[in-house]
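Here is the structure we will look at, set down as structure tokens.
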Amino acid sequence: MVMELPLDSVIVETPGTDPVWERIHAEARALYDAEPYMRTLIGDVVLSKQSLEESICVRLSRKFGRFAGTENDLFETFQEAFALDPNIGIRVRADIEAIFDRDPACIDYLSPLLFFKGFQALTAYRISHFLWNQERHHLAHYFQSLIAEVFNVDIHPAACFGKGILLDHATSFVAGETAVVGDDVSILHEVTLGGTGKEGGDRHPKIDTGVLLSSGSKVLGNIHVGAFSKVGANSVVLKDVPPHVTVAGVPAKIIKRHSGSSCPATAMIQSLDDE
């Protein structure tokens with residue numbers, strides 16, 4: 001039997017200054033009424049919380065708490081990261097909007113927070129990245145290992161990701177230590193941003209704004225994928241890619257040039273014959 005709390009005893013009214021959180025809160029309230037089985041989850045994670053940051057910290061600490069540490073310690077560490085680096089919250093909100101805009105399977109703003117492991121893994125990475133920049137390298141690596149164990153996503157905490165990222169499905173996504181991903185990039189499952197050997201230094205890809213990395217694509221080495229380009233599914237990219245092109249194959253080659261107004265990351269068309 002699922003224990004239900006009266007809605008009035010759960011809900012915390014929101015201040016009305018955060019449109020993303022306002023929308024999530026409203027969606028959660030509607031779902032609370034519509035789906036009795038989920039009331040405990042929705043009440044604990046969303047309706048009883050005062051901000052998106054607090055809600056995310058609860059959701060992630062419970063995910064990780066089953067594997068290591070205590071939920072309270074995890075929650076406090078996550079909250080500290082959000083408090084000391086407001087850019088994490090800015091990027092997280094842009095990620096939610098990107099997921100809703102680009103993923104037809106996303107029916108509302110609430111779903112990424114509750115269910116989408118790509119969003120959850122990327123948000124947890126953002127916290128590990130904060131810890132890395134604070135010189136807390138061992139804890140950052142610890143969170144990296146937890147993200148890999150819980151979500152099957154392996155992002156080195158030193159890698160750099162912009163905002164508005166769609167990490168769709170996310171399973172088996174890998175990004176190495178010196179990888180850089182710009183704003184508004186869409187990444188499908190089984191994508192690798194890797195090196196080409198055991199050399200040190202700057203050795204991982206740089207992905208510019210608006211790029212679509214289709215499922216199974218591998219981008220290897222310290223190479224640049226230009227803005228608003230598309231990498232075809234299961235392609236292996238070993239050389240720089242100019243802006244506004246589609247590349248595909250093993251090794252990948254240019255097969256199409258796009259108009260300057262196209263944005264593969266937002267169009268989300270993985271076929272090779274359309275922009």
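Exactly one of (1) under 18 Å from Ser55 (Cβ atoms); (2) basic (Lys, Arg); (3) out of contact with any helix residue (DSSP H, G or I) (no Cβ under 7 Å at 6 or more places or on another chain) is unmet by Lys117. Its number?
Of everything listed in (1) under 18 Å from Ser55 (Cβ atoms); (2) basic (Lys, Arg); (3) out of contact with any helix residue (DSSP H, G or I) (no Cβ under 7 Å at 6 or more places or on another chain), Lys117 misses just condition (3).
So, of the residues in region 162-176 that are assigned to a strand (DSSP E or B) and touching a helix residue (DSSP H, G or I) at 6+ places or on another chain (Cβ under 7 Å), which turns out to be surrounded by the fewest Cβ atoms within 10 Å (Cβ to Cβ)?
Leu166
With Ile187, Ile147 as the choices, which residue is closer than 21 Å to Gly216 by Cβ, surrounded by 19 or more Cβ atoms within 10 Å (Cβ to Cβ), touching a strand residue (DSSP E or B) at 6+ places or on another chain (Cβ under 6 Å) and assigned by TED's automatic domain parsing to the domain that holds Gly118?
Ile147
Out of (1) part of a strand (DSSP E or B); (2) in contact with a helix residue (DSSP H, G or I) (Cβ under 6 Å, 6 or more places away or on another chain), the odd one out for Ala124 is which?
For Ala124, the exception is condition (1).
What residue, of Asp95, Asp101, Asp108, is among the acidic types (Asp, Glu), buried (at least 20 other Cβ atoms within 10 Å of the Cβ) and modelled with pLDDT of 95 or more?
Answer to the check: Asp95.
Does any residue in region 134-161 that is within 18 Å of Phe82 (Cα to Cα) come within less than 6 Å, Cβ to Cβ, of a residue that is among the acidic types (Asp, Glu) six or more places away or on a different chain, and which pairs are these?
Listed pairs, sorted by first residue: Ala158/Glu177.
For the structure I just gave you, tell me whether Ala140 is assigned to a loop (DSSP other than H, G, I, E, B) and either of a type in the set (Phe, Trp, Tyr) or at pLDDT 95 or above (or both).
no
Check whether at least one residue in region 233-251 is assigned to a strand (DSSP E or B) and basic (Lys, Arg), and report yes or no.
no
Check Phe78 against each of (1) in contact with an Asp or Glu (Cβ under 9 Å, 6 or more places away or on another chain); (2) modelled with pLDDT under 95; (3) under 23 Å from Ala148 (Cα atoms) and name the one condition it does not meet.
(2)
The values are calculated or read from the model by the stated rules, or taken from the named source; none is laboratory data. All figures in this text were calculated on a predicted structure; none of them were measured in a lab. Every residue, glycine as well, gets a Cβ built from its backbone with ideal geometry; the counts of neighbours run over all protein chains shown.
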